[in-house]
1. Output yes when any residue across region 79-98 is of a type in the set (Gly, Ala, Ser), closer than 15 Å to Ile207 by Cα, touching a helix residue (DSSP H, G or I) at 6+ places or on another chain (Cβ under 6 Å) and assigned by TED's automatic domain parsing to the domain that holds Ile176, and no when none is.
2. Which of the residues that make up region 190-232 are assigned to a helix (DSSP H, G or I) and surrounded by 11 or more Cβ atoms within 10 Å (Cβ to Cβ)?
3. Scan region 179-191 and give yes if some residue there is over 22 Å from the mean Cα position of the chain (by Cα), in the same structural domain as Ala68 (by TED's automatic domain parsing) and not polar (S, T, N, Q), otherwise no.
4. With the requirement that a residue be surrounded by fewer than 18 Cβ atoms within 10 Å (Cβ to Cβ), farther than 22 Å from Ala223 by Cα and touching a strand residue (DSSP E or B) at 6+ places or on another chain (Cβ under 6 Å), what does region 235-258 give you?
5. Find the residue count for region 272-301, including only residues that are assigned to a strand (DSSP E or B) and crowded, with 20+ Cβ neighbours inside 10 Å.
6. Based on what the data block shows, is Val299 within 21 Å of the chain's Cα centre (by Cα) and β-branched (Val, Ile, Thr)?
7. From the list Gly173, Gly263, which one is in a loop (DSSP other than H, G, I, E, B) and in contact with a helix residue (DSSP H, G or I) (Cβ under 9 Å, 6 or more places away or on another chain)?
8. Which one of these is in the same structural domain as Ser186 (by TED's automatic domain parsing), closer than 24 Å to Arg289 by Cβ, assigned to a loop (DSSP other than H, G, I, E, B) and touching a Ser or Thr at 6+ places or on another chain (Cβ under 8 Å): Asp161, Asp147?
Amino acid sequence: MPTTYGPNARALAVVVAVALVLVVGSAGAQDASEAAAKFETSLAVEEMTAKQAVVETDRGPFIIDLLAEAAPNHVGYFIKSAAEGVYSGTSFHRMVRHGIVQGGDPMTKDVEKPELYGQGGLGVLAAELSDEPHTRGAVSAAQIPGDPDSAGSQFFISVVDQPALDGSYTVFGRVIEGMNLVTEISEAETDESGKAVERIAIRSVTIRDRPAEQPAPFSEDSAEELAAYRAILGTTSGAITLEFMPEIAPEHVRNFLRLASVGVFDGMSFHRVVGGMLIQSGWLGSRNRPLDERQRRLVTTLEPEFSATPHVRGIVSMARGDDPASADTSFFICTDTVSALDGEYTVFARVVDGMETVDAIESLPLEGETPMQRVEILGVQVAR
């Protein structure tokens, strides 16, 4: 039956490489961290929660939402350091490719002393560990190995999910725009120890008010308005045009249009074919590049909207796991009548043009249920 897939194996493997987010602290730095009084912010949590940071690098900007409720002193110190220009002119001094990027050390302002990079700006903050996970985009405080109460201005950003770090480092922010840039920074050349060979500078960090949330695309469209849309899936084997059925599954239609409009399906493959039954796409693991922050925020699981509409040739339905409420991005197109799926999967669209493309994908040589030739969604055009 249609299903979704498990975690990205590469993401899990990277955890081993970054099990410790190291700073090369000296014994003196360790002693100083133990002796100095720890910073406590005077800013109200409510005031800090409404803030975000714009980090301007010489490669472009990225934006961090600050998590004051989880780590008020870390957020307060980050705001203070940004206002004092601590980060201006520093660089990202350590990277693990597709793992983490690390920066914020004031010593990196001195381009003549790279041997000191990673030793500055520490010993100021006591740990504020929380349930905030080290998922992609998490911004956490670096610390001296073995001393959780030794953080300061240095921070690192998780480029992939890093569950092995949860509960060991203080998460105080999340990148909400520009993670593609952060990923590119993680790909920069490093030496054997992980220190950056190429200098990637932070020009400035500016604190600003968090803008008002904008409604997600298609949130306010009625069922009648949703029915007027068509989606044309441009694939490497030809086009497939979908007509939607919001009268039976309005939230699934809304979800598909929303994801298509921001490019979530672009670069995904038809990763599964069950001959005489269906072809399947929409699995995030088949995508040729990571989602950006806006795309990730729009991915959500859906409550089922089962109906009496049968799974006949050309019907488009949402794939899911064992839980009926686990559908998110993966969908399948029936190539024949599959009555066993009726009432078990949510029908939300039908193919009105391009079944010859569907048939061509179904006819590909297979290894099990996996096509031996990659057929990719190049883009999805949404129009009335």
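The values are calculated or read from the model by the stated rules, or taken from the named source; none is laboratory data. Model, not experiment: these values are computed from the prediction. FYI the Cβ positions are ideal-geometry reconstructions off the backbone, even for glycines, and counts take in every protein chain you see.
1. Taking every residue of region 79-98 in turn, none turns out to be of a type in the set (Gly, Ala, Ser), closer than 15 Å to Ile207 by Cα, touching a helix residue (DSSP H, G or I) at 6+ places or on another chain (Cβ under 6 Å) and assigned by TED's automatic domain parsing to the domain that holds Ile176.
2. Within region 190-232, Ala223, Glu225, Leu226, Ala227 qualify.
3. Scanning region 179-191 turns up at least one residue that is over 22 Å from the mean Cα position of the chain (by Cα), in the same structural domain as Ala68 (by TED's automatic domain parsing) and not polar (S, T, N, Q).
4. Thr236, Ala239
5. Going through region 272-301 one residue at a time, the tally reaches 6.
6. When the stated conditions are applied, Val299 passes them.
7. So the residue among Gly173, Gly263 that is in a loop (DSSP other than H, G, I, E, B) and in contact with a helix residue (DSSP H, G or I) (Cβ under 9 Å, 6 or more places away or on another chain) is Gly263.
8. Asp161
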